[in-house]
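Structure first, then comments.
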Amino acid sequence: MNVPTLEIDRNVAADRAREYSEFAATMRESREREEFLELAQLHAAAARGRKLILLDAVMTSAPRDAKGRPLLAIARSDRRRLKYTAYSSVDQFSTDYHPRRGRGSPSSRFEFPRHPSINPGHRDGYALVPLVPPAVRMGGNGQPYNLQRCFTLWEVVEWSDREVDVTPDQDPYLLRAITRDVYAIVGEWELTELEQAVLGLRARES
């Protein structure tokens, strides 16, 4: 998957993270202090070699299909299916109705502004949330990521007009939120043909 990322030299990022953190520690509680702490977090992530993305910018600039639906999707990583809904000026991605495990999980919705020149015709679309394989689930500390706190961004090869017709897509990224607007890519993978076939069958059964 080819999305624009923010990258910085790791040594420079480490220096900036330390500077922002130390300076924020001298300040009283304020919006400016919060901004410095966010910048410290972002540079600390970059110092660990993480690629960062501005999620709003990535999603609002995504290519569209013939019905105006974006060819990128994002969902919480513990979810099974995704529903895309177009409103007057907003694209919504919702998995409230289909957690991968159990009931009662917190809802998961993303909304992104859509340029007025794009008219999706209020066409809903459905897609499968890619399964995160074991190797990608493991964090750098040797412990698995909590998928309820992770997000999967992927290319939608083809939106389904009906929930029962969903098929697996490819090239996912596993994301962690660093700030409200910036996410770190912590894993990426491709589904094998076998994985796609099995997931497609199970989606039709559930």
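The values are calculated or read from the model by the stated rules, or taken from the named source; none is laboratory data. None of the values given here were measured: they were computed from a predicted structure. Here Cβ is always computed from backbone atoms with ideal geometry, including for glycine, and neighbour counts include all displayed protein chains.
Looking across the stretch 134-172 at every residue that is surrounded by 15 or more Cβ atoms within 10 Å (Cβ to Cβ) and β-branched (Val, Ile, Thr), the one that is modelled with the lowest pLDDT is identified as Thr167.
Output the residues belonging to the stretch 1-37 that are surrounded by 13 or more Cβ atoms within 10 Å (Cβ to Cβ) and within 30 Å of Pro63 (Cβ to Cβ). Correct list: Met1, Val3, Thr5, Leu6, Ile8.
Here Gly49, Gly68 are screened, and the one residue that is over 18 Å from Phe93 (Cα atoms) and surrounded by fewer than 17 Cβ atoms within 10 Å (Cβ to Cβ) is Gly49. Among residues that are in a strand (DSSP E or B) and either within 20 Å of Thr5 (Cβ to Cβ) or modelled with pLDDT under 90 (or both), Leu191 is not included.
A search for C-beta distances below 6 Å between a residue of the stretch 84-98 that is at pLDDT below 80 and any residue that is assigned to a loop (DSSP other than H, G, I, E, B) and not basic (Lys, Arg), counting only pairs 6+ apart in sequence or on different chains, returns Asp96/Ser107.
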